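We did not get these values from a lab; they are worked out from the coordinates using the rules stated. The shown structure was predicted, so the numbers you read here are calculated from the model rather than taken from an experiment. Positions of Cβ are backbone-derived with ideal geometry, glycine not excepted, and every protein chain shown enters the neighbour counts.
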Amino acid sequence: MCGIVGYIGHRKAAPLILGCLRAHEYRGYDSAGIATAHDGKITVKKGVGKIAEVDAKYDLEDMEGHAGIGHTRWATHGAPSRANAHPITDCTGRLAIVHNGVIENYAEIKKELARRGHKFKSETDTEVAAHLIEEYLKNGLEFEAAVGKAVARFRGNYGFAVLKAGEDKLVLARNGSPLVIGFGRNEVFAASDVPALLRHTREFAFMEDGDLAVIDAKGARFMHDGRPVRRRRMHVSWTADMAQKDCYPHFTIKEIEEQAASIPAALRVDVGRAAKLVRAAKRIHVLGCGTSYHAGLVFKHLLARAAGRECEVFVASEYGESAVMKPGTLVIAVSQSGETIDTMMAVRHARLHRAKVLAITNVVGSSLSRGADANVYINAGPEVGVVATKTFTSQVAVLTKLALAVAGRKVAVNGFAKKVKDVLALSGKMKEIAHALRNTDDFFFIGRSLSAPVAMEGALKLKEIAYVHAEAYSAGELKHGPLSLIAEGIPVIVIAPAAGETHHKLLGNIRECKARGGKIMALSDSSRLLDEGKWKVPMPPVSEELSPLLYTIPLQFLAYYSCLERGFDPDKPRNLAKSVTVE
Ligand code: AGP
């Protein structure tokens, strides 16, 4: 959802900012730009397209100055165009700004500024920030006071980095959209998240909502409500190498393959304190979006089956409207990034009703983790591909461990790492199937019980990167409507671990599809179920509890290879971004 970078220090800013923007590109990639301050002037270079395209056209590295800001955009207000690309400048051209988020009341402020003679060059909401700061500077305010006064007028969420000609500092503001500050030797960086800066530093401070920060080459000062505040510095354990593609053609396939290590690592995570919280809670609400929501659904089944406990799972963006809040509620907020605004807003709602919050996230220092009563980190390492792959299985691994721990049980992990590797070896088979289905435009995914969320996750992956229509259903639901869509040749992907108590019923559902011409792709460790398939994906035997961890992997391969078959870039699916920080 837009990546922001800022730099001030002893080195030339533009090449550094460009490198950080490349590492940030998963946050948005429809346009990009950099502004630097030099010799009392601001220079801006920006354009439409991915960073490499903008760089090829404008030579972004070739800019003077030791202070600068950069941006890679995921458009909200105004189509991707050169004018709407950030940095955005004011009327004087002496102020440049980059923004992530949405200024909800920008239209009224724009009218007011236009009446005062400000000339707008873009359709963005961001531009009102540039002109409003300009206005306050004209009225005699200092740089940081002008930024502070401007952001105080905004409704919505934002992260801003502001550069002004003739100033040896950058001013940053955060409300809802993440901003981190990274410390080097005689140089300070800012970015929307940690991985963008890992090449340069592992020492970070995290801005809180409502903070203003001023950075210069020596360090950072923070203010909140006009008063100075301290923000703790943290050392992060991730390294820059962890966020490299290595010899893989795409991050997506690298991250799928990394599950050989990330799933066993997640199964080693300590969930003792979290299990106590769950046991003590009167009621449990699980929140998440997209893939994280699916992980929550797996947890619901496991908690009911293993521990006899009920929990409700909510799509986070619907939580405020649909949850009944009662005392003693524990909210388990699941979010890979820990920055998803829908999840953050749901957590805020829960907090207003005094719920305790347990965060299940991958990113140490993320907004969600900082605001939670307790944290469990899934330890998947940085995930750069826009589609969640290894983080989904790590979420599920941790939540499986948690559900069993609530019941006083442990996960039987003996030999499981080998099974993960065996499933990863199905890559070639899934590639062949993706090739055979390269001209197919409609897919159905079905499963029962724990496999129903796996089916949903498989369909989401295919939609997300292969742009193919895919529906997922709990298999028993098919006959209540969607069966009318099963026609000759429609592939029905069946998640069918033999250990499931419901697989005999699944057999019935498979036959219903076949009778209407559906072509079955069976994922199973039962030869009886595999025999039903036109395409057979033989899986290693596994307990039903651990089956989502294995059965997800072939579906990730299917999406990845289907994406390549159709000629798309799996790391940067259209219209999407890794971290969704607008509602
Ligand atoms: C997953 O492939 C998607 N990119 C998306 O659904 C994602 O899971 C969702 O936006 C939630 O993200 P989070 O886990 O970082 O909160």
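Using the Cα centre of the stretch 172-235 as the reference point, and only Cβ charges (+1 on K/R, -1 on D/E), how large is the resulting charge dipole? Debye, rounded to the nearest 20.
280 debye
Return the lysines within reach of K245: Cα separation strictly under 19 angstrom, same-chain partners fewer than 8 residues apart disregarded; answer none if there are no such residues.
Here the lysines satisfying the reach criterion relative to K245 are K50, K254, K390, K572, K578.
Taking the Cα centre of each part, how many Å lie between the stretch 140-173 and the stretch 509-543?
59 Å
On a straight-distance basis, which aspartates and glutamates could pair with K119 in a cross-link, Cα separation under 18 angstrom, same-chain partners fewer than 8 positions away excluded?
Within reach: D90, E108, E127, E134, E135.
Express as a percent, rounded to the nearest 5, the fraction of DSSP beta bridges in the chain (both residues included) that run antiparallel.
60 percent
Taking the Cβ-Cβ separation of H435 and K479 as r and a Förster radius of 30 Å, what is the calculated FRET efficiency to the nearest 0.05?
0.45
Regarding the stretch 245-411, what's the average projected area of the Cα-atom convex hull, expressed in nm²?
Value for the stretch 245-411: 8.8 nm².
Tell me which of L277, T502, P573 sits at the most positive position along the dipole axis of the chain, charges placed on C-beta atoms (Lys, Arg +1; Asp, Glu -1).
L277
I need to check one value: relative contact order of the chain, counting alpha carbon pairs closer than 8 Å and at least 6 residues apart, in percent.
12 percent
Two decimals, Cα atoms only, Kirkwood Rh: what is Rg/Rh over the stretch 3-242?
Ratio value, two decimals: 0.93.
Above 19 Å lies some portion of the pair distances; for the stretch 120-248, what is it as a whole percent of all C-alpha pairs?
The share of Cα pairs beyond 19 Å in the stretch 120-248 comes to 52 percent.
Report, to the nearest 10°, how far helix 106-115 tilts away from the longest principal axis of the Cα atoms in the chain, using its own Cα long axis and a range of 0 to 90°.
20 degrees
Within 10 Å of each candidate Cβ there may be at most 16 other Cβ atoms; applying that plus a DSSP loop requirement, which trypsin sites (Lys or Arg not before Pro) in the stretch 378-480 survive?
R409, K410, R438
Take the Cα gyration tensor of the chain, multiply each eigenvalue by 5, square-root it, and list the three semi-axes largest first, rounded to whole angstrom.
One finds semi-axes of 45, 26, 21 Å for the chain.
Return the whole-Å distance between the Cα centroid of the stretch 468-499 and the Cα centroid of the stretch 67-136.
The stretch 468-499 and the stretch 67-136 have Cα centres separated by 47 Å.
State to the nearest 20 debye the size of the charge dipole of the stretch 461-583 about its Cα centre, where the only charges are +1 on K and R beta carbons and -1 on D and E beta carbons.
Rounded to the nearest 20 debye, it is 360 debye.
How many times 2.2 N^0.38 Å is the alpha carbon radius of gyration of the stretch 424-567?
Dividing the Cα radius of gyration by 2.2 N^0.38 Å gives 0.93.
Checking the cross-link filter: which lysines have an alpha carbon closer than 16 Å to that of K326, excluding same-chain neighbours under 8 positions apart?
Straight-line reach from K326, under 16 Å: K282, K356.
State the extension gain, in nm to one decimal, for the chain segment bounded by E208 and N186, taking 0.36 nm per residue of separation less the distance between their alpha-carbons.
5.5 nm
Mind listing which GluC sites (Glu not before Pro) in the stretch 1-106 are in a DSSP loop and have 15 or fewer other Cβ atoms within 10 Å?
E61, E64, E104
Among A130, A150, P327, whose Cα lies farthest out toward the positive end of the dipole of the chain, if unit charges sit on the beta carbon of Lys, Arg (+1) and Asp, Glu (-1)?
Projecting each Cα onto the dipole axis, the largest value belongs to P327.
Treating only the Cβ atoms of Lys and Arg (+1) and Asp and Glu (-1) as charged, compute the dipole magnitude of the stretch 1-135 about its Cα centre; round to the nearest 20 debye.
So the magnitude is around 120 debye.
What is the log10 of I(q)/I(0) for the stretch 197-294, computed with the Debye formula using one identical point scatterer on each Cα and no solvent, at q = 0.17 Å⁻¹?
Each listed q maps to, in turn, -1.11.
Mind listing which trypsin sites (Lys or Arg not before Pro) in the stretch 1-37 are in a DSSP loop and have 15 or fewer other Cβ atoms within 10 Å?
The qualifying sites are R11.
Please report the base-10 log of the normalised intensity I(q)/I(0) for the stretch 339-406, using a Debye sum with one equal scatterer per alpha carbon and no solvent, at each q in 0.15, 0.28 (1/Å).
Values returned for q = 0.15, 0.28 Å⁻¹ are -0.52, -1.28.
Given the DSSP H assignment, sum -39500 (n - 2.57) over each helix run of at least 4 residues in the chain and divide by its residue total; what's the result at 222 nm in deg cm²/dmol, nearest 500?
Per the formula, -10500 deg cm²/dmol.
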